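This report refers to the structure that appears directly beneath it.
The values are calculated or read from the model by the stated rules, or taken from the named source; none is laboratory data. Everything numeric in this text was worked out from a predicted model, so none of it was measured. With ideal geometry, Cβ positions are generated from the backbone for all residues, glycine too; neighbour counts draw on all protein chains shown.
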Amino acid sequence: MSQPTSVSYNFSLSADAHAEPFQCLAEDPQPPEVRRTRELAQVILTQCTNKKMGIKKWQKLKPFKIDWKDRQGRPQQSSSLRFDWLVDHLRKHRKLRHDDIGLPTPEHTLRNWMDADVTYWGHYAPTSNDGTPNTATMKLKMALGQHFPVAPGIDREGFATSSPQLHLQRGLLLARARVLQEAPLLVPQRIDRKKNEHVQFRLGGNPPLAALMEFFNLCVSIVDITLIQAYYAGYYAPGESGLTFSEHAMGPATGRRVSDKLKWVRLLSGNDLNATNELMAFKQLKRVRNHLAHFDPPCFSVTTEDLAGWLSKVPDLAWLLIKIRQCLGLPVSGHIIQMALCPSVVAVPRDPKKTRHPQRSDVGYLSSTWQGNHPHSGSNPLRAPVSAIEPLVRLQRRLEKQLKRTIHLSEVLDAVIMQRLSQLDGMDNAGMLKQLRSTLTTSSSRP
């Protein structure tokens, strides 16, 4: 019988270990990639000048100025620009500093119904006319056309906004910064002997799970709301948005997966969304977000390498938003430009003198997920295929015409189940309508 092998683990820290509090995640100091920054500069110049040119043509241009108008319609002009100067500007500052080059913020350019944002903070101002109690109310006009049926408003302390876009974009940048700030909570910290206090608890004690949930939720929400806004712009404001809406092709706005909503981009604009790599990164972020939203399985583990990889996908997420906006004919906001230029994040070893072995596949985040197919998955028995929904919708329209009232699809389904579809299928129109009319009348009278 063989003797068990003796294994020893080195948990000690060398003299070169970092001082407290130890920051286990850091931003890569290298400037943004030249190729991608050139593509971003091309996007910015295209939307500012409305001229579509390749990068090489932009590079060959002599110094030029861009004419534009402010919100009051007054003519303005940028400082003298060259393509490579703009690329250097973006790589140096990791954002577009509009005032430095005399350009407007992209979100305030014309025909930008996506970012058109009016945010109002309210006061409570009661009034009384003819003895009738009343309160001063502020209602915001949406940029989705005059027929859009929702008008956000407040009549007291609070706030209302006509578009969440800029708030979410700014929030995502702040959430990313918060995760980096709270990164020391991911690793053990030493006791501060001078204060007789454990550094871990001085920083907050618990791992930054709430910060991670905020970050991943915003990553998904910012794409979801972009697609929802495009849907409503195509439906309620096709003239202003320049989008084409086909009710049959688009389908309903609710009860849809994000993967289904991404197909709306081509249906609305006629342009293909060529974003294979960006969509792959988004799906990875969305998978983690779904885990954090439902905690199935009910556990979670993450290493600094896992987290560095996720935070480094923010530029990919930004480019997905950029490509969606390019298809829809919309400008890119300053916050999205900043997202696209975010530095990569790297994991910093606690003790750089120790050999760093590659992370195994059975540890870290993957170890807290179901391996392979979900062992308790199953189909929803009420999830009907499209082939079954379409005849029900036709039946719904016929009944609404006959009964001259709005009929919910659930009522039709209830009636069909009660009458048995096999019996109805053999009836003529008059007999079928007679049977369903009696069933609908009975079901509508139920408590």
Here are some residues: Ala340, Ala347. Which one is modelled with pLDDT of 80 or more and closer than 30 Å to Ser241 by Cβ? Ala340
Is it the case that Val265 is in a helix (DSSP H, G or I), assigned by TED's automatic domain parsing to the domain that holds Leu321 and in contact with a Cys (Cβ under 9 Å, 6 or more places away or on another chain)? yes
Counting only residues that are among the aromatic types (Phe, Trp, Tyr) and at positive phi, how many does the stretch 319-372 have? 0
Take the residues in the stretch 57-75 that are more than 15 Å from Leu86 (Cβ to Cβ) and among the basic types (Lys, Arg); name whichever of them is farthest from the chain's Cα centre (by Cα). Arg74
Restricting the search to the stretch 213-237, which residues are touching a residue at least 40 places away in the same chain (Cβ under 8 Å) and more than 18 Å from Asn290 (Cα to Cα)? Thr226, Leu227, Gln229, Ala230, Tyr232, Ala233, Tyr236, Ala237
Residues of the stretch 107-116 being of a type outside the set (A, V, I, L, M, F, W, C) and at pLDDT below 75, in sequence order, are Glu107, His108, Thr109, Arg111
Looking at the structure I just gave you, is Glu182 among the acidic types (Asp, Glu), at pLDDT below 90 and in contact with a helix residue (DSSP H, G or I) (Cβ under 6 Å, 6 or more places away or on another chain)? yes
Number of positions in the stretch 142-168 that are among the β-branched types (Val, Ile, Thr) and either in a strand (DSSP E or B) or in the same structural domain as Tyr232 (by TED's automatic domain parsing) (or both): 2
Looking only at the stretch 343-374, count every residue that is assigned to a loop (DSSP other than H, G, I, E, B) and farther than 30 Å from Asp296 by Cβ and tell me the total. 12
Yes or no: Glu20 under 36 Å from the mean Cα position of the chain (by Cα), among the acidic types (Asp, Glu), at pLDDT 55 or above and over 19 Å from Met339 (Cα atoms)? yes
Please give the number of the condition Thr244 fails out of (1) crowded, with 17+ Cβ neighbours inside 10 Å; (2) at pLDDT 90 or above; (3) over 20 Å from the mean Cα position of the chain (by Cα). (1)
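Looking only at the stretch 132-141, decide whether some residue is in contact with a Leu (Cβ under 6 Å, 6 or more places away or on another chain), on the phi < 0 side of the Ramachandran plot, in a loop (DSSP other than H, G, I, E, B) and surrounded by 13 or more Cβ atoms within 10 Å (Cβ to Cβ).
No: zero hits.
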Among (1) surrounded by 12 or more Cβ atoms within 10 Å (Cβ to Cβ); (2) within 29 Å of the chain's Cα centre (by Cα); (3) hydrophobic (A, V, I, L, M, F, W, C) - the single one Ile101 does not satisfy: (2)
Residues satisfying the stated conditions in the stretch 326-340, i.e. in a loop (DSSP other than H, G, I, E, B) and surrounded by fewer than 22 Cβ atoms within 10 Å (Cβ to Cβ): Gly329
Give the stretch 276-322 a look and list any residue that's assigned to a helix (DSSP H, G or I), in contact with a strand residue (DSSP E or B) (Cβ under 8 Å, 6 or more places away or on another chain) and not small (Gly, Ala, Ser), or say none. Thr304, Glu305, Leu307, Leu311
